[in-house]
Amino acid sequence: MMNVSQFLCSVMRWIAAGVDPRHLHQDHASGARDNRPGLKSCLAELREGDVLIVWKLDRLGRSLSHLLRIIEDLKIRGIAFRSLTESIDTTTPHGSFLFNLFGTLAEYERTLITERVNAGLAAALRRGRKGGRPPAIDAEKVDQILAALEGGASKASVCRAFSVPRSTLTDTLGGSLDIENYCTVSLFFEQIYLSR
């Protein structure tokens, strides 16, 4: 916790850096926390042509990726950025270079994440794992349901007997459950389950 003299020193530093005291925002929590009302209100107040000034980069973002997202958002909105400790100032050519470098790093990180996810999905598929939600009704139960429907049972009685919601039954069997379509649906599911 900051004492009064430290707080006044901090405020004087900000005023010396050109910050209007009415536009000072402060959070009393760690930069690693997600719920930061001071940061949210500060980012909401910023307009095109403004300059966001922070004491240190780690005070702005929870992580490198979070920091890069904030800086990319500022760039898109036409807002300059200054970090007093790291001497990054996007109103100068050197600072603008660093700002663009941050954007490039953010794009690189997004590409790496996409590659890792795709590689993980491919590896899981090679191991025989299939992604997505498991079927709501297993193949054996589908066969029993189809046999009951072909035997003349109503959809409602089948749903009660097999403890299956009607919408799940309809989705699993492909929509329409007219008598003429039962054989087609049955053949369709036999082909699916035999191909697994």
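Derivation of every value follows stated rules applied to the coordinates shown; laboratory data play no part. Remember, predicted model here, so these are calculated numbers, not experimental data. Positions of Cβ are backbone-derived with ideal geometry, glycine not excepted, and every protein chain shown enters the neighbour counts.
The stretch between residue 111 and residue 154 holds 10.3 nm of extra length on full extension. This uses 0.36 nm per residue minus the Cα-Cα distance.
So which GluC sites (Glu not before Pro) in segment 75-138 pass both tests, a DSSP loop state and at most 15 other Cβ atoms within 10 Å of the Cβ? It would help to have the intermediate numbers written out before the result.
Numbers: sites: 86, 107, 109, 115; in loops: 86.
Answer in residue order: 86.
Taking amide H as placed 1.01 Å from N in the peptide plane, residue 79 has its amide H under 5 Å from the amide H of 49, each at least 5 places away in sequence or on another chain.
Amide H contacts for residue 88 (H built 1.01 Å from N in the peptide plane; partners 5 or more residues away or on another chain; cut-off under 5 Å): 83. Around the amide H of residue 53, modelled in the peptide plane, lie the amide H atoms of 82, all under 5 Å away and 5 or more residues distant in sequence or on another chain. Label positions at residue 100 and residue 166, each projected 7 Å from the Cα along the C-beta direction, are separated by 6.3 nm.
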